[in-house]
1. What ranking do Glu81, Glu59 get, fewest neighbouring Cβ atoms within 10 angstrom at the top?
2. What list do you get for Val159, Val115, Val51 if you sort them by fewest beta carbons within 10 Å?
3. Short version: ³J(HN,Hα) in whole Hz for each residue of segment 104-114, in order, from phi by Karplus 6.51 cos²θ - 1.76 cosθ + 1.60 (θ = phi - 60°), x for Gly and Pro, what are they?
4. Which of the trypsin sites (Lys or Arg not before Pro) found in segment 66-123 are loop residues per DSSP with 15 or fewer other Cβ atoms within 10 Å of their Cβ?
5. Got a sec? How would His34, His150 order by Cβ neighbour count within 10 Å, fewest to most?
6. Cβ under 15 Å from Ser40's Cβ, Ser40 left aside: what net charge do those residues give with Lys, Arg +1 and Asp, Glu -1?
Amino acid sequence: MAGQTTPSDSRPTDNETPETGVSVVRDATPLALHLDTICSRLAQGTGLRAVCRELGLGESNVRFWLSKDEEAHRQVKAARELGCDSLADEAIEIADDVSRDWKKRTNSDGSTEDVVDTEHIQRSKLRIDTRLRLIGQWSRRYGDKVQHEHTGKDGGAIVTETRVPLIIALSARLRNKPEAIEALE
């Protein structure tokens, strides 16, 4: 009986409106559909921009949806915290990997020698520093603890001390002007 509908076929499904029979997804923003994947990738240390690119989602849209959905925001925050652990592990791996710190250089006489690959070492430092700065911003566990004290020593008044000569000396040293340093001493 092709082409004929039975009474059970004519009832709207959970995703169809009874008036039109048009399929709609209720409460299913792309964020809701992809939240598990987003959280999984963030927990692996992948950035939100890369995750959105992989899923074909607009990053600004995802950030907007997160700002409107407290539960999703909480889940993403927890995933990001786990991602900080992954980034910390990556930083350790990068620091421990010495496999490309040396390269072969061919001399003019045709002999070869091992030389330090400073470009690779500098790139590794940048990669480590970037990860550490990000996890310092994203995680309370890894961030610098800032403690504000509203009283001075032993509960007394706050004493402000300005060390202008030290600043001038450091500035002069940076500008290679030893005569300015001698004048301060």
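No value in this document is a laboratory result; all are computed from the given coordinates. Fair warning: this is a prediction, and the values are worked out from it, not measured in the lab. Every residue, glycine among them, receives a Cβ derived from its backbone with ideal geometry; neighbour counts consider all protein chains shown.
1. Glu59, Glu81
2. Fewest-to-most Cβ neighbours within 10 Å comes out as Val159, Val115, Val51.
3. 8, 10, 8, 7, 5, 8, x, 6, 10, 8, 7
4. Here the trypsin sites (Lys or Arg not before Pro) that fit, given the DSSP loop and packing criteria, are Arg100.
5. Going from sparsest to densest Cβ surroundings: His150, His34.
6. -1
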